[in-house]
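See structure below.
Bear in mind that the values in this text are calculations on the coordinates, not laboratory data. This is a predicted model, so every value here is computed, not measured. So basically every Cβ, Gly included, is an ideal-geometry build from the backbone, and we count neighbours across all protein chains shown.
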Amino acid sequence: MNRPHAIVWGVLVGLTAVSFAGEALPSVRPGPGVLAGVAFVKVWLLGFRYMDLRHAHALWRVAYGGLASLVLAGLVILGR
Amino acid sequence: MTASTSTSAPNSGSAAVPTGIWEPPGGILVWLLVLVELLTFGMGLAVLVVLGGREPEVFAVGRAGLHRGWAFINTLVLVTGGWWMAEAITSLRNGRGEAARRGILGAAGFGALFLAVKGAEYASKLSAGQDLHRDTFHTLYWLLTGFHYLHVAVAVVLLLAVRRGWRGCDPGREAVENAEAAGVFWHLCDAIWLILVPFLYLLP
């Protein structure tokens, strides 16, 4: 078992649980924003952690980083 | 999806990661697919938000009628499937073919579980009369989640097909690249679901 993968999985599961716990934890008011953050982390992981784009040509790193940032911006704009 | 390996091996695995501009991991086609899919679902969500602003009552009632428990379970299922996929690709790059085969089978299994849980949710919605034509919210719900459902189904088939592509401990460069492409597609399905869920299930 790859330890970083296990840690990432634990973090994603934890944040997912928090984001769905809105009714159980009204004082914390978690919810869509947290899961939108999870989505951004997942898109980032997809490219730079799981698929090794961090070792790919610089143009790919810049392009994918831009795309991931666009996803985050879109989530923030649409979620407001 | 194969490409020549004219490049260095920056990771610790036995398979080199191509660094040429036309050789991203998994091949260029699958990354173009990632771009197109994210833009497509992004536009779908933009439509959802715009129409939700025009018919807030319809969307509030529609969201309240969705079962968050199903979505929570399916999110955990996909995230866990993504973990198995990540393990599979790492094993493959390190030349551990059998471990990679197990990982791919695990990811495909969680994909199948997602389809089953989502199928149960669809059945409950249909039995409650909440079909595609009920209102604007449900039209978008069925279109977005149905399109994603098809993606997961394709991903499961793709993973099983890739898994059949090699036996033993030495999958070879082509098998690694095919598995990487399938892995990108799998993680894309995972990511799209995580993008859809807040807008469909969690927005107040």
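General observations
- Net +/- balance of residues flanking B:GLY27 in space, Cβ distance below 10 Å, scoring K and R +1, D and E -1: -3
- Here, the protein assembly as shown is characterised by an Rg to Rh ratio of 0.98, where Rg is the alpha-carbon radius of gyration and Rh the Kirkwood radius.
- A simple charge model with +1 on the Cβ of Lys and Arg, -1 on the Cβ of Asp and Glu and nothing else charged puts the dipole of the protein assembly as shown at about 380 debye relative to its Cα centre.
- Rh by Kirkwood over Cα pairs, then Stokes-Einstein D for chain B at 0.890 mPa s and 25 °C, µm²/s: 135 µm²/s
- At the listed q of 0.14, 0.17, 0.23 Å⁻¹, the Debye profile of the range B:90-204, built from one uniform point per Cα, gives log10 I(q)/I(0) equal to -0.64, -0.82, -1.23.
- With a 10 Å cut-off around each Cβ of B:83-89, the average count of Cβ atoms from other chains is 5.
- Counting Cβ atoms of other protein chains within 10 Å of each residue's Cβ and taking the mean over peptide B:95-108 gives 0.
- Helix axis angle, B:172-197 relative to chain B longest principal axis, alpha carbon, degrees: 20 degrees
- Principal axis dimensions, largest first and in whole angstrom, of the range B:22-90 by Cα: 48, 28, 9
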